[in-house]
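*Asks:* This is the structure, below, for whatever I ask next.
The values are calculated or read from the model by the stated rules, or taken from the named source; none is laboratory data. All values derive from a computational prediction rather than experimental measurement. Cβ sites come from the backbone with ideal geometry, for glycine too, and all protein chains shown count toward neighbours. What goes into the accessible areas is simple: the full protein's heavy atoms, side chains included, and nothing from ligands, DNA or RNA. Shrake-Rupley method; radii C 1.70, N 1.55, O 1.52, S 1.80 Å.
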Amino acid sequence: MNLNSPKVSIVIPCYNYKDYIEETVSSILNQNFKDFEVIIVDDGSNSETKDVLRKINNSKVTILEQENSGASNARNNGVKKALGQYILTLDSDDTFHFTFLEKAVAILDNDKAVTAVSSHCNIFIEKDTIIDTHTPKGGGLENFLFDNNSTSFALIRKSFWEKIGGYDEKMTNGFEDWEFWISFTRNGGYIHMIPELLFNYRYKKKSLNVDSKENHREANLAYIYKKHSDIYKLHFLELVDFLSELAARNKRNEIKYKTSIDFKIGNIFLFPFRYFKRIFL
């Protein structure tokens, strides 16, 4: 590796996040640890976002442009251009604490068994209002088979990223970060979780993450189970228990919805329309 290369490459996929990207970059430039480069991959953003990106004038920041191909593709292309020994994945609307890099780099430098470092996180909305926290466990494969025990935000050894081939670009409807961690840990990876709130995840009512859970959860799960079927065959009984509990949870939610006031009021208003529909059809 070139001795003049930065220790860390921070890769940020950006698609139409003109309102947030400057705040994200600012949280990077304010890090105590300074030996890094920033690669923003403009994934076919609109003209307003491109205008904001052009205003980011810092020698540490490089902007790559591509046609819209999805977050996984943008991350992978950014990593291919990265010069750092370690890769930090960060979304273009999130931020992190100014001490994260110095703490995470020290862990990777001193413990070769650790292949990625993440942290607990705050979940916030506009004006930095914290509405919840998320405290994933990290760990090895056993902690990722039935739950995503990390966030997509993590400092990763680039050599290990290359070993597993990065993100699955076929997953365009979410859950790609969970699938990445399954691939990562099944190949011997281990995620160290710093038990501090060093990452800030921005919650939005409309986002890919929300859409994937509401509209693509079952399809994404099916894809993951089939892709890693050899692993899930070894954990068949646990898979049955997990799917049974998932079905029971969905049933409980359905019952809760159908007994809610909103549902009952809706039925009252819709009754005349349904009545006439039956008559005419």
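*Asks:* What is the angle, in °, between the Cα long axis of helix 100-110 and the longest principal axis of the Cα atoms in the chain? Nearest 10 is fine, range 0 to 90.
*Replies:* 70
*Asks:* Still on this model: For ARG75, ARG252, what's the largest-to-smallest order of accessible area, 1.4 Å probe? Provide the component values of the computation, followed by the final result.
*Replies:* Numbers: ARG75 10, ARG252 125 Å².
Heavy-atom accessible area, descending, gives ARG252, ARG75.
*Asks:* Compute the acute angle (0 to 90°) between the alpha-carbon long axis of helix 236-258 and the principal axis of greatest extent of the alpha-carbon atoms of the chain; round to the nearest 10°.
*Replies:* Helix 236-258 sits at roughly 60 degrees to that axis.
*Asks:* Are any of the pairs LYS81/LYS170; LYS127/LYS227; LYS204/LYS251; LYS103/LYS127; LYS55/LYS227; LYS127/LYS251 more than 31 Å apart by Cα-Cα distance, and if so, which?
*Replies:* Among LYS81/LYS170; LYS127/LYS227; LYS204/LYS251; LYS103/LYS127; LYS55/LYS227; LYS127/LYS251, the Cα-Cα distance tops 31 Å for LYS127/LYS227; LYS55/LYS227; LYS127/LYS251.
*Asks:* Report the accessible area of ILE63, computed with a 1.4 Å probe over the heavy atoms of all protein chains in place, in Å² rounded to the nearest 10.
*Replies:* Looks like 60 Å² after rounding.
*Asks:* Taking only Cα atoms, what is the 0 to 90° angle, nearest 10, from helix 71-81's long axis to the longest principal axis of the chain?
*Replies:* Approximately 10 degrees, to the nearest ten.
*Asks:* Taking LYS7 as the anchor, which aspartates and glutamates have their alpha carbon closer than 17 Å to its alpha carbon, excluding any fewer than eight residues away along the same chain?
*Replies:* The reachable aspartates and glutamates, counting only those whose Cα sits under 17 Å from LYS7, are ASP35, GLU37, GLU102, ASP109, ASP111, GLU162.
*Asks:* Mind listing the phi-derived Karplus ³J(HN,Hα) values for the range 112-127, rounded to whole Hz, using 6.51, -1.76 and 1.60 with θ = phi - 60°, and x for any glycine or proline?
*Replies:* Once rounded to whole Hz, the list reads 5, 6, 8, 10, 7, 10, 10, 7, 5, 9, 8, 10, 10, 10, 3, 6.
*Asks:* Ok, one more. Only helical DSSP H runs with n ≥ 4 go in: add -39500 (n - 2.57) per run for the chain, normalise by residue count and round the 222 nm mean residue ellipticity to 500 deg cm²/dmol.
*Replies:* When only DSSP H runs of four or more count, the value is -13500 deg cm²/dmol.
*Asks:* Taking H placed 1.01 Å from N in the peptide plane, check which residues at least 5 places from LEU64 or on another chain put their amide H under 5 Å from its amide H.
*Replies:* The list, which skips near neighbours in sequence, is ILE40, VAL41, ASP42.
*Asks:* Now a separate question. Counting pairs of Cα atoms in the range 35-156, how many percent are more than 22 Å apart? Intermediate values should be presented prior to the final figure.
*Replies:* On the way: 3394 of 7381 pairs.
Everything past 22 Å amounts to 46 percent.
*Asks:* Show me the three semi-axes of the equivalent ellipsoid for the range 89-229, from the C-alpha gyration tensor (sqrt of 5 times each eigenvalue), largest first, rounded to whole Å. Write out the running numbers ahead of the final one.
*Replies:* Numbers: eigenvalues 99, 96, 28 Å².
In descending order, the three semi-axes are 22, 22, 12 Å.
*Asks:* Same structure again: Sorted by packing (mean other beta-carbon atoms within 10 Å per residue), highest first, where do 132-143, 28-39 land?
*Replies:* Per-residue Cβ counts within 10 Å, averaged per peptide and sorted highest first, yield 28-39, 132-143.
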